[in-house]
1. Would a scan of the stretch 339-358 turn up a residue that is on the phi > 0 side of the Ramachandran plot and touching a Lys or Arg at 6+ places or on another chain (Cβ under 8 Å)?
2. Could you list, ordered by first residue, the pairs with Cβ atoms under 7 Å in which the first is in the stretch 201-215 and closer than 16 Å to residue 247 by Cβ and the second is more than 10 Å from the ligand (Cβ to nearest atom) and hydroxyl-bearing (Ser, Thr, Tyr), at least 6 apart or interchain?
3. Looking at the structure I just gave you, is residue 250 more than 15 Å from the chain's Cα centre (by Cα) and within 22 Å of residue 340 (Cα to Cα)?
4. Scan the stretch 334-346 residue by residue and report those that are within 24 Å of residue 118 (Cα to Cα), among the small types (Gly, Ala, Ser) and out of contact with any helix residue (DSSP H, G or I) (no Cβ under 7 Å at 6 or more places or on another chain).
5. Looking at the structure I just gave you, is residue 239 in contact with a His (Cβ under 6 Å, 6 or more places away or on another chain), closer than 28 Å to residue 166 by Cβ and within 16 Å of the ligand (Cβ to nearest atom)?
6. Any residue that is out of contact with any helix residue (DSSP H, G or I) (no Cβ under 6 Å at 6 or more places or on another chain), among the small types (Gly, Ala, Ser) and touching a residue at least 12 places away in the same chain (Cβ under 8 Å) - is there at least one of those in the stretch 305-326?
7. Residue by residue through the stretch 150-194, note down the ones that are at pLDDT 90 or above, basic (Lys, Arg) and surrounded by fewer than 22 Cβ atoms within 10 Å (Cβ to Cβ).
8. Tally the residues that are in contact (Cβ under 8 Å) with a residue 24 or more places away in the chain and more than 16 Å from the ligand (Cβ to nearest atom), restricting the search to the stretch 157-199.
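The values are calculated or read from the model by the stated rules, or taken from the named source; none is laboratory data. Since this is a predicted model, take the numbers as computed values, not measurements. We place every Cβ from the backbone using ideal geometry, glycine too, and count neighbours over all the protein chains shown.
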Amino acid sequence: MTVIQRTPETRERKSNKMTANNNIKMAEDTRHIITDDKETIHEKDEPPGHEGAWGDWKWQLRNSIRSIKELSRIFSFTSEEIERLNKIVVKYPLTITPYYLSLIDRNNPRDPIRLQSVPAIDEDSLYFDVQDDPLGEEKDTALPGLVHRYPDRVLLTLTDMCPVYCRHCTRKREWCRGSWVRTKEDLQNIYAYIAQHKEVRDVILSGGDPFALSTAKIEDVLRNLRQIHHVEIIRIGTRCPVVLPQRINDELVSMLKRYRPLWVNTHFNHPNEITKESSRACDKILCAGIPVNNQSVLLKGINDDTETMIKLCQGLLKIGIRPYYMFQCDPVSGTGHFRTSVEKGLEIIKGMRGHTSGLAVPTFIVDGLNGQGKVPLQPNYIESVEKDYFVFRGYKGDLFKYYNPEEISGDRNSLQFKG
Ligand code: SF4
């Protein structure tokens, strides 16, 4: 049996999670390796049981589960399910780090981490409202790897690789293209484009997960962007703190620190993802002077209730992360089973506002189809607009009047709040 060096927290985990770890032995034989950055990722495997292997992000990647065969040694599937899942992963591959896998309660088929990472038969179900690229990113692609939709900001997709392929991913369409990393030529063209477009003051590094790349490669991108004087802000979208917290190591963080101001947006969806390891990873980033915001996605059966969302957002605040956005799940092919109604999102925000601190309440966002952009939604707190006052509905449901300052009271027919 493989002996894995675990953190005290990991040792405390329940026996079912220990069983999941035992299965890592099986995954070791597979050693699917993420491409590119050979000097850092294609390193020779450490022998199983190596001191500290669990805390080594490259070990986590090397030992990730990437096939239904490996998964079926951990979870029970019928032979029909195995057959169907094998077809699904041809289109939508899977990869799960040993760390993220160890958070799953194997005895719970509805475990929120399992639902986010283990392929499901539902990915093959037909939903007529879904598309491969509902947000029209390809339409707004100025150059390979660069989406320029909003006037002052651009999105740079560095790779399609992620330590875990989230089953609800908006860019699921990219997965079947194989693992790619933006070429040097593509990147040079992107830097030249941004340099020519002086209105671009905000660059978002995305993917895939930029932190799936080597530190040297990430630094190269940051260095080039920092040479463009009108780029004021660089944001990095990463799920590593959640699914591969070992990646947030001293080497990475001390490099990032040199390129501030940076902002990290991460992606916790459920309170079970807030562990000692993920908290430590976020703390490292925060201690480097880099703010961390969270962008969750509303997912049916995972976090689509007020209680879970409050627990998640309060938990995030406790580890210093600001709940920033709560996204409506986009109508992406292969994710229809995760989608909730817009009313559900509004109901959750209504159940949060006033019932917990405002800092814990994210902005509920629906991303418009075909590049229409983000639409922030709030429950309606305006009951009516009268000549001198508004009638508001408070968070407890009570109605009350609110008078404007006298000098600007008057005819508000131009306001469209009625109804
Ligand atoms: S980490 Fe982000 S980009 Fe990667 S699979 Fe998950 S949602 Fe998609």
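1. Taking the stretch 339-358 and keeping what is on the phi > 0 side of the Ramachandran plot, we get 354.
Checking which are touching a Lys or Arg at 6+ places or on another chain (Cβ under 8 Å) leaves us with 354.
Yes, the stretch 339-358 contains at least one residue that is on the phi > 0 side of the Ramachandran plot and touching a Lys or Arg at 6+ places or on another chain (Cβ under 8 Å).
2. 214/40
3. Numbers: more than 15 Å from the chain's Cα centre (by Cα): yes; within 22 Å of residue 340 (Cα to Cα): no.
For residue 250, the condition - more than 15 Å from the chain's Cα centre (by Cα) and within 22 Å of residue 340 (Cα to Cα) - is not met.
4. In the first step, residues of the stretch 334-346 are kept if they are within 24 Å of residue 118 (Cα to Cα); the result is 334-341.
Okay, now just the ones that are also among the small types (Gly, Ala, Ser), so 334, 336, 341.
Those that are within 24 Å of residue 118 (Cα to Cα), among the small types (Gly, Ala, Ser) and out of contact with any helix residue (DSSP H, G or I) (no Cβ under 7 Å at 6 or more places or on another chain): 336, 341.
5. Values: in contact with a His (Cβ under 6 Å, 6 or more places away or on another chain): yes; closer than 28 Å to residue 166 by Cβ: yes; within 16 Å of the ligand (Cβ to nearest atom): yes.
Here the answer is yes, as residue 239 does meet what is asked.
6. Among the residues of the stretch 305-326, not one is out of contact with any helix residue (DSSP H, G or I) (no Cβ under 6 Å at 6 or more places or on another chain), among the small types (Gly, Ala, Ser) and touching a residue at least 12 places away in the same chain (Cβ under 8 Å), which makes the answer no.
7. 153, 184
8. Total satisfying the criteria: 11.
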